[in-house]
Amino acid sequence: MTLTPEEIFEKSGTVLKGHFNLASGLHSSVYWEKFRVLQYPEYTRALCRLIADHYRIEKIEVVAGPTTGGVILAYETARQLGVRGIFAEKEPGSELRSFRRDFEIGSGERVLIVDDILTTGKSISEVLAAVASTGGKVVGIGVMVDRSETPIDFGVPFFSCLKVQAEAYRPDACPLCAQGVPLVHRGTSTPQSPK
Ligand SMILES: [Zn+2]
């Protein structure tokens, strides 16, 4: 039996309900804990298959993602496409991302960028910049979940396994704050440096 993305996120408990302070500084009643799903290889494989199948005709030569969740997604999507999987990470003391560890992208190589949860598009934009600095050609972007508030145009084809409605509030307009619901901080980032 093949599970839908909704069923996979449900079964893995990826969608947490409560009152959360997001990396963006906004508040939400929903938090996506991506590593709840990424810890299951069979679920990760199923989601990456959707991305791999969507771009299979594009003759992808390398799959690249941002740390940390993107490492797993790039690896598994690349495995299914039979190509290399690499990741871009923050340079020490900088907001820029680059390919370190002797990762290389040849000039004109066809690159698929993958990521877990799309919210602001910041991480993907940073990987786009990192690929551009190598001369590689980005032929598409694939994400597990698109929870962006408004569609983001990255200038290349985009695919998401699941599109969900973003529900986020400025702290001064948050109905949960108004109800006095305790605020929970989640994620590994501070509001000043998302992801
Ligand atoms: Zn709030």
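The values are calculated or read from the model by the stated rules, or taken from the named source; none is laboratory data. Keep in mind that this is a model prediction, so the values were computed, not measured. Using ideal geometry, Cβ is built from the backbone for each residue, glycine included, and neighbour counts are taken over all protein chains shown.
Data overview
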| quantity | calculated |
| --- | --- |
| Among the candidates 112, 176, residue that is among the aliphatic types (A, V, I, L, M) and within 16 Å of the ligand (Cβ to nearest atom) | 176 |
| Criterion violated by residue 148 - all others in (1) within 16 Å of the ligand (Cβ to nearest atom); (2) modelled with pLDDT under 90; (3) of a type outside the set (Phe, Trp, Tyr) satisfied | (1) |
| Residue that is farthest from residue 18 (Cα to Cα) [pool: residues in the range 124-181 that are crowded, with 19+ Cβ neighbours inside 10 Å and among the small types (Gly, Ala, Ser)] | 136 |
| The range 79-133: number of residues that are outside any helix (DSSP H, G or I) and within 24 Å of residue 161 (Cβ to Cβ) | 21 |
| Options 11, 59, 17: the member that is within 16 Å of the ligand (Cβ to nearest atom) and not hydroxyl-bearing (Ser, Thr, Tyr) | 17 |
| First in the range 4-23 and under 15 Å from residue 45 (Cβ atoms) and without any contact (Cβ under 8 Å) to a residue 12 or more places away in the chain, second anywhere and more than 16 Å from the ligand (Cβ to nearest atom) and of a type outside the set (Asp, Glu), Cβ under 9 Å, 6 or more apart | 4/162 |
| Verdict on residue 41 being loosely packed, with under 13 Cβ neighbours inside 10 Å, more than 16 Å from the ligand (Cβ to nearest atom) and at pLDDT 90 or above | yes |
| Of residues in the range 154-173 being in contact with a strand residue (DSSP E or B) (Cβ under 8 Å, 6 or more places away or on another chain) and within 12 Å of the ligand (Cβ to nearest atom), the one farthest from residue 126 (Cα to Cα) | 171 |
| Set 78, 64, 46: member being in contact (Cβ under 8 Å) with a residue 60 or more places away in the chain, of a type in the set (Gly, Ala, Ser) and surrounded by 13 or more Cβ atoms within 10 Å (Cβ to Cβ) | 64 |
| Condition check for residue 150: assigned to a loop (DSSP other than H, G, I, E, B) and within 11 Å of the chain's Cα centre (by Cα) | no |
| Residue that is out of contact with any Cys (no Cβ under 6 Å at 6 or more places or on another chain), closer than 24 Å to residue 56 by Cβ and in contact (Cβ under 8 Å) with a residue 24 or more places away in the chain, where the choices are 119, 134 | 134 |
| Subset tally (residues that are in a helix (DSSP H, G or I) and not hydroxyl-bearing (Ser, Thr, Tyr)) for the range 46-72 | 16 |
| Search result, residues across the range 6-30 that are more than 17 Å from the chain's Cα centre (by Cα) and part of a helix (DSSP H, G or I) | 7, 10, 11 |
